[in-house]
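Any read-out appearing in this document is the output of simple, stated calculations on the displayed coordinates, not a laboratory observation. Please read all numbers here as calculations on a predicted model, not as lab measurements. As a convention, Cβ positions derive from the backbone with ideal geometry for all residues, glycine included, and neighbour counts pool all protein chains shown.
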Ligand SMILES: Cc1ncc(COP(=O)(O)O)c(C=O)c1O
């Protein structure tokens, strides 16, 4: 602890940096070193050094400072093409002007809720969400993040069915609070805090038969089958086309709810407004977050069919959140949805995804020992490498060439490409050209095994 007068002085200095930018007495380099120190000592030690692309490039002190669209900048003005999209928050790019303006106007009127008076902006967003979600989904609960959305969906599923168990997929990622973590595929994240929720059954992703036989035998215990339509953190894994329709039918037969976790896939990312639209499936509950706040505000939502929401009528306070659905987040979400619909961003994702993927496949043919597979849908793309090491090398090569990418949380050898859905074509081509160079470097370093195919 420090003397409050020193803390006051420090806070004044920090505030002036927030308000005015870097003061003349510090250099971008010194500022970067200070940030590393701050985060290493006072955030989570070690995390600063554990970022594949950045640390491998020997530049773990790289800072983010400003950006717009698909370009992010450090305080010294170095630029990167953003192919990571904040793990899927920047469907509209960084600081989309219409979202920023909506938030500014709302900020000047009413930033956070009184909690007792009714918020018209929240009402409008709920109506808009009901209008754009599949089938008869018509109710919403608003929250702040993806994990919260899944956590709430699990609670609602238990209340609505009176059952306790869940079915989830191997290699799934639904968040890291205790409920959502119970569905986590990667044991490394689960085991240090076990016991988690009892009654969770894991099935291989993409295997509809496994869901059918499990629900056939144990359906009476299962409140919900919780699935990502396309697994994001596992490395952009697309299931067979009959997977979701068969999961839907099996849930119907067992009286089990189907929860689609569209936290990462929602709002156009995969080339359809909702990934479940690829298969015309209506889930009972749909979770969305990440890009919902337009890349400006944190926002999430649990969306469900009226018959599911009836379970909350007796006690609407069963699930609440002080900040969930606050006016700023709702204003941002309305603006984000408006831009998504007007620009038909899902169609852009489909077209640009094809452009990207076609380029990546050519590179995979050229460097088969380095880039072994390209998968995904729309602009949720995974580049698969033979091992983590190779993935790190290529990510670092891209970072050095001004392209930001990163791994996924479940599959270390997969590097994700998840740019803004409105990324200009010339930036896609620039990324592909720089990737070709990075792959050539990695192939050269790896010798014959990784040299280009002739
Ligand atoms: C499918 C899915 N669900 C849930 C989450 C957790 O979201 P958040 O980090 O906003 O809590 C993520 C995050 O990557 C995700 O990809």
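Annotations
- Across the alpha-carbon set of the range 97-342, the Rg to Rh ratio works out to 0.96, Rh being the Kirkwood radius.
- All Cα pairs of the range 206-288, percent lying beyond 19 Å: 32
- Note: the range 361-404, Cα convex hull, 82 Å³ per residue.
- More than 24 angstrom apart: percent of Cα pairs within the range 1-136: 54
- Placing dummy labels 7 Å off each Cα toward the beta-carbon, the span from residue 194 to residue 24 is 6.1 nm.
- Pairwise centroid distance, computed over Cα atoms, of the range 262-298 with the range 72-100, Å: 20
- Estimated FRET transfer efficiency (residue 217, residue 187; beta-carbon r; R0 35 Å; 0.05): 0.90
- The chain - Rg and Dmax from Cα coordinates, angstrom: 22.6, 69
- At 0.890 mPa s and 25 °C, Stokes diffusion of the range 241-322 via Kirkwood alpha-carbon radius, µm² per second: 174
- For the pair residue 343 and residue 170 in one chain, pulling the backbone fully straight at 0.36 nm per residue adds 58.8 nm over the alpha carbon distance.
- Peptides 363-376, 239-252 ranked from most to least packed by the mean count of surrounding Cβ atoms within 10 Å: 363-376, 239-252.
- Modelled spin labels at residue 3 and residue 118, positioned 7 Å past Cα toward Cβ, are 5.5 nm from each other.
- Förster-model FRET efficiency, 51 Å R0, residue 127 and residue 41, C-beta, rounded to 0.05: 0.65
- Between residue 17 and residue 361, the simple label model (points 7 Å from Cα in the Cβ direction) yields a spacing of 4.7 nm.
- Residue-span extension gain [residue 354 to residue 315] - 0.36 nm each, minus C-alpha spacing: 9.3 nm
- Extent along principal axes [Cα atoms of the range 285-444; Å; largest to smallest]: 65, 32, 27
- Centroid-to-centroid separation of the range 178-218 and the range 347-402 [C-alpha atoms, Å]: 29
- Translational diffusion of the range 85-181, µm² s⁻¹ [Kirkwood Rh, Cα pairs; Stokes-Einstein; 37 °C; 0.692 mPa s]: 199
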